[in-house]
1. Which number in (1) under 24 Å from ALA15 (Cα atoms); (2) part of a loop (DSSP other than H, G, I, E, B) marks the one condition that LYS146 misses?
2. Check off (1) modelled with pLDDT of 95 or more; (2) at positive phi for VAL94 and give me the number that stays unchecked.
3. Kindly indicate whether LEU150 is farther than 26 Å from ARG54 by Cβ and within 19 Å of the chain's Cα centre (by Cα).
4. Find the helices (runs of 4 or more DSSP H) located wholly in region 1-72 whose residues include 3 or more that are modelled with pLDDT of 95 or more and open to solvent by less than 50 Å² (accessible area, probe 1.4 Å), and list them.
Amino acid sequence: MRFSDFLRAAVLLSAGSATALAAITVLAATRDYDDVVVFVSVGWWLLATVAGIRFEARAKEGISRVMAEARHQTGLPELRPALTLVNRLWLLFVVTLSAGGVGIFVPQISSVATGFALLVALAWRRQANAVEAIEERDAARFYVEKTSPLAPIKLIRTPGFGGKFLKALS
């Protein structure tokens, strides 16, 4: 799976997780007529939004480090996008399902998980475009390497057509 596509999918899945968990929080809190949970949750979500926007630079540093350590390969790696997403984002799925299940009875749990999913989605929201710009500039493509779900993410760098090559053909 291309790294830029993985980043886009991770942002969309994190945002979807945050949306689902927020809905569970609001429904469970209003079922119990607990306005305090709703107001504290909204405050936490606003704080997580600001933190996600502020952490964008840190996400950029981490992604650039992973891209710099990418292994070079001349051929395309095996492309299995669904398996790659499950392999790399399994923790998001587990947290969403468990926090959503517990959040039905204890809305504070789903509220906290909503804030963290929102923070990740906002911190990574522009990273796919940055990766594509680097790919275009360097005429390369970055793919997510198949690794253990518990190991840090690793990338494969392959030759790609773009940038200077396409301009030279014009």
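The values are calculated or read from the model by the stated rules, or taken from the named source; none is laboratory data. Computed from a predicted model, the values in this text were never measured in an experiment. Positions of Cβ are backbone-derived with ideal geometry, glycine not excepted, and every protein chain shown enters the neighbour counts. Accessible surface is based on the protein model in full, side chains and every heavy atom, while ligands, DNA and RNA are left aside. Shrake-Rupley method; radii C 1.70, N 1.55, O 1.52, S 1.80 Å.
1. Every listed condition holds for LYS146 apart from (1).
2. Condition not satisfied by VAL94: (2).
3. Working: farther than 26 Å from ARG54 by Cβ: yes; within 19 Å of the chain's Cα centre (by Cα): yes.
Yes: the conditions hold for LEU150.
4. Ranges flagged: 3-31, 35-54.
Yes/no matrix, rows are residues, columns are (1) open to solvent by less than 20 Å² (accessible area, probe 1.4 Å); (2) modelled with pLDDT of 90 or more; (3) more than 20 Å from SER4 (Cα to Cα):
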{"residue": "SER98", "(1), (2), (3)": "no, yes, yes"}
{"residue": "PRO107", "(1), (2), (3)": "yes, yes, yes"}
{"residue": "ALA140", "(1), (2), (3)": "yes, yes, no"}
{"residue": "PRO149", "(1), (2), (3)": "no, yes, no"}
{"residue": "LYS154", "(1), (2), (3)": "no, yes, no"}
